[in-house]
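Structure, as structure tokens:
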Amino acid sequence: MTRTNVSPAAEPRDLYLPVMAEITGIRAMTDLETLYEVTMPEGADLGHEPGQFVEVSLFGVGEAPFSISSSPTRAGSFEMGVRRVGMLTEVMGRMRVGEKVGVRGPFGRGVPVERFQGKDVLIVAGGIGLVPM
């Protein structure tokens, strides 16, 4: 699967520099887990493949990796499931729709889903790893 990291009109971006993206949706899943929808500037696609992750920065707090939980075919935004377990995720838990976060990525090796088309697949995950699966 070949994907670009930008909308057609935009210039390629440096994946190692954070881009300010907007939190456009927040949905509590449990007492500890929250699903965040994040929209890239100007509605650009993240350009990820299944199984990749992003680094999320909260300036003055830190940065942490989060798996992307939404389909690569979703245009203009992506979702990530976050478990509140440390300082950065505690601060994220107090954020509201409309606030900004820094996003770097996507990183990691994607899963070549087209290779498994038409085949039986067993997916094994535990804890918060189940969300992106």
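Each label was represented as a point 7 Å from its Cα along the Cα-to-Cβ direction; for residue 31 and residue 14 these points are 4.4 nm apart. Charge tally around residue 38: other residues with Cβ under 9 Å, Lys/Arg +1 each, Asp/Glu -1 each, net -3. Tell me the carbon and sulfur percent of the accessible area for segment 44-133, rounded to whole percent, probe radius 1.4 Å. Ligands and nucleic acids excluded, carbon and sulfur give 55 percent. Listed values for segment 110-118 are Karplus-derived 3J(HN,Hα) couplings in whole Hz (6.51 cos²θ - 1.76 cosθ + 1.60, θ = phi - 60°), namely x, 8, x, 4, 5, 5, 9, 4, x, and x replaces Gly and Pro. For the chain, averaging the sequence separation of C-alpha pairs within contact (under 8 Å, six or more residues apart) and dividing by the residue count gives a relative contact order of 30 percent. Taken as Cα centroids, segment 9-76 and segment 107-133 sit 19 Å apart, rounded to the nearest whole angstrom. As a rough guide to protection, the peptides 64-77, 116-129 ranked by mean Cβ packing within 10 Å, highest first, stand as 64-77, 116-129. At a probe radius of 1.4 angstrom, the accessible area of the chain per residue rounds to 60 square angstrom. In sequence order, segment 56-61 has phi-based couplings of 10, 10, 10, 4, x, 10 Hz under the Karplus curve 6.51 cos²θ - 1.76 cosθ + 1.60, θ = phi - 60°, and Gly or Pro positions carry x.
How would you rank 93-104, 37-48, highest first, on the average number of other Cβ atoms within 10 Å across their residues? Could you put the intermediate results ahead of the total?
On the way: 93-104: 14.0, 37-48: 18.3.
In decreasing order of mean packing, 93-104, 37-48 become 37-48, 93-104.
Using only the alpha carbons of segment 12-133, what is the convex hull's orientation-averaged projected area in square nanometres? Present the calculation step by step, with values, prior to reporting the outcome.
Numbers: hull surface 32.3 nm².
Seen from a random direction, the Cα hull of segment 12-133 projects 8.1 nm² on average.
The values are calculated or read from the model by the stated rules, or taken from the named source; none is laboratory data. Since the structure is predicted, the reported quantities are computational estimates derived from the model, not experimental observations. Methodologically, a virtual Cβ is constructed for each residue, glycine included, from the backbone with ideal geometry; neighbour enumeration extends over all protein chains shown. All accessible areas refer to the heavy atoms of the entire protein, side chains included, with ligands and DNA or RNA removed. Shrake-Rupley method; radii C 1.70, N 1.55, O 1.52, S 1.80 Å.
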